[in-house]
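The values are calculated or read from the model by the stated rules, or taken from the named source; none is laboratory data. Since the structure is predicted, the reported quantities are computational estimates derived from the model, not experimental observations. Cβ: placed from backbone, ideal geometry, glycine included. Neighbour counts: every protein chain shown.
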Amino acid sequence: MSSIVAYSRVSTDDQTCENQRRTIAARYAVSKWFSDDGVSGSVAASQRLGMAALLAYVREGDVVVVVAIDRLGRNTIDVLNTVEALKAKGVSVVSMREGFDLATPAGKLMLTMLAAVAELERENLKARQLAGLERARAEGKNLGRTKAIDDAAVLAWRAANSASIKATAEHFGISAASVKRACAKD
C-alpha cells in the first residue's frame, strides 16, 4: 500500500522545519516524516541523514511531498539525481510551491528549469556579495571580527618572562596557535 512521505529541510540551527510541516500537513495525510535540521542544501542529498533515511524507507507507489524544490537541494544535478533515485524506486515527488509532480515528463522539465534558475540566482547573489565586500574594502572599512589579542603585549610578556608558547597561551587565555601568530609578526 502506498503512502504519503514528507521531507523538510532548513539550512541553519536557528531555523525550524515546523512551518514546512504545517504547510504539508494542511494538504496531505502524511504517514511518515523525514527532516534535516540545520543542514545546508549544498550538502549532497545522499549525505544528509534525513534524506538518506527517506531514500532507504520509501517503496514503490509512495509519494514524497516537499514544500519546494529547493528543499531537495541547491544545485540542479543533486536535485535531479535525488528525483531520479526516487523515480527508480517507483516513487513520485510532489513539490507544493511549484505545483507539480516531478515524476512526469512535464514535471521533470519544470524541475530542471526551476533548479537551473535557482542556481543562477545563487551565483548572482554570490557575485553581488563579493562586489559589496570589494566596495567596502575600497572604502577602507574593516571587515570581519576585530582582533581580540594584542600581539605586541603577547610578544613582550613572553620575552620578558622567557616563557614557553604554552605558558604564554595560559597566561593570556588564548590558544598556542594565537601565541605563535603573535610571535611570528616579530
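Of note:
- Residue in region 100-111 that is β-branched (Val, Ile, Thr) and closer than 30 Å to Thr168 by Cβ present: no
- Meets criteria (among the hydrophobic types (A, V, I, L, M, F, W, C) and either touching a Gly at 6+ places or on another chain (Cβ under 6 Å) or at pLDDT 80 or above (or both)) for Ala85: yes
- Checking Thr82 against (1) over 21 Å from the mean Cα position of the chain (by Cα); (2) of a type outside the set (A, V, I, L, M, F, W, C); (3) buried (at least 19 other Cβ atoms within 10 Å of the Cβ), the condition it does not meet: (1)
- Residue count for region 106-149 under the criterion of being farther than 30 Å from Thr82 by Cβ and either in contact (Cβ under 8 Å) with a residue 24 or more places away in the chain or not charged (D, E, K, R) (or both): the result is 12.
- Considered as a group, the residues in region 92-101 that are without any contact (Cβ under 8 Å) to a residue 60 or more places away in the chain and closer than 20 Å to Ser31 by Cα include one that is surrounded by the fewest Cβ atoms within 10 Å (Cβ to Cβ), and that residue is Asp101.
- Test result for Leu155, without any contact (Cβ under 8 Å) to a residue 40 or more places away in the chain and in contact with a Cys (Cβ under 7 Å, 6 or more places away or on another chain): yes
- Qualifying residue in region 20-40 (condition: within 26 Å of Leu109 (Cβ to Cβ), of a type in the set (D, E, K, R) and in contact with a Gly (Cβ under 9 Å, 6 or more places away or on another chain)): no
Per-residue answers, yes or no, for (1) hydrophobic (A, V, I, L, M, F, W, C); (2) within 15 Å of Tyr7 (Cβ to Cβ); (3) touching a Leu at 6+ places or on another chain (Cβ under 6 Å):
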| residue | (1), (2), (3) |
| --- | --- |
| Asp62 | no, yes, no |
| Asn75 | no, no, no |
| Gly90 | no, no, no |
| Val93 | yes, yes, yes |
| Met113 | yes, no, no |
| Ala118 | yes, no, no |
| Leu130 | yes, no, no |
| Lys141 | no, no, no |
